[in-house]
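Structure first, then comments.
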Amino acid sequence: MHKLKLPKNYLAVTSDFYIKVGIALVAILVVLNIVLLTLFLKERENNKTAMQALQATNKSLVLLQESLGGTDMQKAFVHMAEARRHIDVALSAAPVAAPEKAAAEPETRTAKRPAGEQRAPATPAKTAGLKIAVDETPAPLVWATAGEYALIGEKESKLLHLFKFQDERFVLIKSYPCIIGANGEDKKKAGDYATPKGSYFTLRYTAGSALPETYGEGAFVLNYPNYLDRKDRKDGTGIWIHGHSPGKVIGSGDLLNTKGCIAISNDGIKELKGLLKPSGTHVSIVDKVTIVKESKQREFLQEIRNFMDAWRQAWESGDTGKYLTYYSKDFTNSEGMKFDAFRRHKERVNRHKKFIRVSVDQMAIVLPQERERQVAVVRFVQKYRSSNFEIDSRKIFYLKKGQAGWAIFGESAF
């Protein structure tokens with residue numbers, strides 16, 4: 001087992017360093033896992049794939065040790081992820097003990113897997129894009145305005161998929177190779193080198209001329225952390241989709257990962273700049289996109305459309321009590337106002353209005369894949385007119401599904 005080498009001045013460094021040393025303890029746990037795995041495979045030394053994976057893992061751990069010794073956390077996360085992938089390879093190569101019944105029948109140990117029960121490769125191969133049948137659609141995408149584009153970033157394949165909503169369905173246009181955060185996990189806090197999973201919207205586009213050279217052609221700024229992230233107590237900022245330093249190539253040299261953003265080629269950013277809305281374009285980030293039947297997606301579409309229309313009509317009716325039934329008791333609006341304060345505010349402002357007119361335009365509907373279809377995100381432009389006030393607002397509603405149906409539990413602006 002390798003000894004952890006700490007910097008000579010470790011007694012004088014800040015508490016942040018000791019947090020980083022904690023990562024070293026995780027590395028030690030990984031080493032222990034390798035030891036156990038080695039014992040497991042001791043009697044199967046002819047399994048070359050597993051042994052090669054162990055050797056590669058050992059190399060990654062050495063590099064991890066060196067990165068921690070130099071307090072280079074970005075490289076440390078990279079080597080940690082590599083070690084985990086090597087372990088996955090070794091585990092997938094290790095023979096699984098056959099049931100007792102099959103002990104006397106060696107031939108059954110090589111039986112084919114049932115259809116549909118395939119083991120995923122440890123390192124997914126990049127493809128030119130997704131294969132989606134005409135009656136299927138990506139799980140996160142439900143609805144958008146005609147001609148609008150949306151993005152889905154896959155962390156496993158390291159591909160950023162571009163979709164266009166046309167003829168009332170999402171069509172895959174192109175898939176861009178990308179790099180993501182060095183830490184392959186979901187983002188939890190600032191500085192963890194992780195790319196978040198979730199459903200986001202662009203807030204603005206910033207040209208490369210206004211940014212450091214490392215961002216290349218430019219960057220789309222995402223609304224991380226969004227309302228759902230904040231409820232989950234996630235923090236950090238600055239998750240972008242951006243280019244890279246000129247003269248370099250994504251996925252090679254020192255462009256193997258980011259600190260949490262998604263980076264694609266500068267040519268890719270140039271293309272997207274001409275296609276995407278700078279503010280309001282949907283971006284889903286998932287480990288691996290799930291494909292579902294369009295018929296099932298249309299059921300959700302109808303439910304959410306009906307809900308939004310009923311909410312609008314209740315507001316226009318002037319019946320504030322009825323209007324508030326469309327909100328969950330744990331609702332928080334874009335200004336941080338909780339349900340009780342929101343209720344008092346609406347009762348006060350609606351009391352003397354002679355009429356209210358509300359329209360909902362440019363609606364996009366998203367089902368965050370990680371929320372198992374129990375949460376929906378609705379982006380829209382709201383036009384409000386009343387006897388004494390009028391305003392246009394760009395809103396995002398967060399809906400959750402309960403026994404009584406959908407309810408609004410969060411709101412933000414874009």
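Odds and ends about this structure:
- Per-pair calculated FRET efficiency, R0 = 22 Å: Ala133 and Ile173 via Cβ, rounded to 0.05: 0.85
- For the pair Ala413 and Asp267, the difference between a 0.36 nm per residue extended length and the Cα-Cα distance amounts to 49.5 nm.
- Estimated FRET transfer efficiency when R0 is 25 angstrom, pair Thr237-Glu213 (beta carbons, to 0.05): 0.75
- Spin-label model distance (nm) - Arg305 vs Ala404, 7 Å beyond Cα toward Cβ: 2.6
- Ala146-Leu255 FRET efficiency (beta carbon distance; Förster radius 56 Å; 0.05 resolution): 0.95
- Model label sites at Ser328 and Ser387, defined 7 Å from Cα along the beta-carbon direction, differ in position by 3.5 nm.
- Relative packing of peptides 351-362, 255-266 - highest average C-beta neighbours within 10 Å first: 255-266, 351-362
- Over 20 Å (Cα to Cα) - which of Lys188/Lys259; Lys189/Lys248; Lys231/Lys288; Lys174/Lys270; Lys346/Lys383; Lys187/Lys270 fall in this group: Lys189/Lys248; Lys231/Lys288; Lys187/Lys270
- Neighbourhood net charge (14 Å Cβ-Cβ; Lys/Arg +1, Asp/Glu -1) for Val142: +3
- Take 153-166, 378-391, 239-252 and order them by the average number of nearby Cβ atoms within 10 Å per residue, most first; the result is 153-166, 239-252, 378-391.
- Label-point separation in nm, Glu335 to Ser359, each point 7 Å along Cα→Cβ: 2.5
Read-outs throughout are calculated quantities, based only on the coordinates presented, and are distinct from any laboratory measurement. Predicted model, so just to flag it, every value in this text is computed and none were measured. Don't worry about glycine lacking a Cβ; one is built from the backbone with ideal geometry, like all the others, and counts go over all protein chains shown.
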